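Heads up: the structure comes next, in structure tokens.
The values are calculated or read from the model by the stated rules, or taken from the named source; none is laboratory data. Computed from a predicted model, the values in this text were never measured in an experiment. Please note: Cβ atoms are built from the backbone with ideal geometry, for glycine as well, and neighbour counts cover all protein chains shown.
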Amino acid sequence: MFFIDKKSTKFIQSPRGFTLIELIVSIFIMVLLSASFLTNYHSSNKRSKLSLAAQKLVSNIRLMQSYSLGSVKNDGNVPNGGWGLYFNKTVYPRSYIIFTDDHFPLSPNYLFDAGEEYEEIELPPNVTLSHAGDFVNIVFEPPEAITHINNSVNSGSVNIELADDESTRTVLVNFFGLVDIID
């Protein structure tokens, strides 16, 4: 493109396009922004998997409470020991168990035992389970959903930690049966 200089009647040619340095700098800025976005995306994706696993655990705890409160039947009978969750970081480091504490006609022990009906809940990849002690039993006794933590009533609480490479979520259950997630 040509312009006419008003002071003189010479034509001045304006530069067309970018210089090589301008092009390299703009590409470098775009690469830097893209790398920053991808790094943040992957770390937030990992954190969301951990948060979802903690939410699912809390949901399953509350489901066992509601089964106990509603006297939900299993194989035609309300389990006399109730509904519970079992955590064992050595045997099941990447999962936990939901079960019925049914020793009919025997008295319940409020613990997960062989022969009881159960379902194993898998945690997402790279998420592991941690808690104090070798195992934890949380059982809700029907019909009032009385909370038994490791066969103890009206005392204590338990922290269940879910962890990945970067962060942890702690699920707290107290003897009243209240459940909370602590970051």
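Observations on the structure shown:
- If you check E117, E144 for being more than 22 Å from K56 (Cα to Cα) and acidic (D, E), only one passes: E144.
- Verdict on S167 being out of contact with any Asp or Glu (no Cβ under 6 Å at 6 or more places or on another chain), touching a residue at least 40 places away in the same chain (Cβ under 8 Å) and among the small types (G, A, S): yes
- In this structure, D75 does not qualify as at negative phi and of a type outside the set (K, R).
- Residue among S68, S44 that alone is modelled with pLDDT under 90 and small (G, A, S): S44
- Of the criteria (1) under 19 Å from S68 (Cβ atoms); (2) within 27 Å of the chain's Cα centre (by Cα), which one V127 fails: (1)
- Residue list for the range 98-109, filter: surrounded by 13 or more Cβ atoms within 10 Å (Cβ to Cβ) and not in a strand (DSSP E or B): D101, D102, H103, P108, N109
- Residue in the range 98-109 that is closer than 23 Å to A54 by Cβ and modelled with pLDDT under 90 present: no
- Any hit, the range 136-148, residues being in contact with a strand residue (DSSP E or B) (Cβ under 9 Å, 6 or more places away or on another chain), farther than 23 Å from N80 by Cβ and assigned to a strand (DSSP E or B): no
- Evaluation of Y92 against the conditions (1) touching a residue at least 40 places away in the same chain (Cβ under 8 Å); (2) surrounded by 11 or more Cβ atoms within 10 Å (Cβ to Cβ) shows that the sole unmet condition is (1).
- Test: residue in the range 140-163 that is out of contact with any Ser or Thr (no Cβ under 6 Å at 6 or more places or on another chain), acidic (D, E), under 20 Å from S66 (Cα atoms) and surrounded by 14 or more Cβ atoms within 10 Å (Cβ to Cβ): yes
- Any hit, the range 173-182, residues being within 24 Å of A53 (Cα to Cα), exposed (fewer than 13 other Cβ atoms within 10 Å of the Cβ), modelled with pLDDT under 90 and touching a Leu at 6+ places or on another chain (Cβ under 8 Å): yes
- Residue match in the range 110-117 (condition: surrounded by fewer than 15 Cβ atoms within 10 Å (Cβ to Cβ), of a type in the set (S, T, Y) and assigned to a loop (DSSP other than H, G, I, E, B)): no
- Out of V139, V153, V127, sole residue that is β-branched (V, I, T) and farther than 19 Å from L57 by Cα: V153
- Residue within the range 122-130 that is surrounded by 13 or more Cβ atoms within 10 Å (Cβ to Cβ), modelled with pLDDT of 90 or more and closer than 13 Å to L85 by Cα present: no
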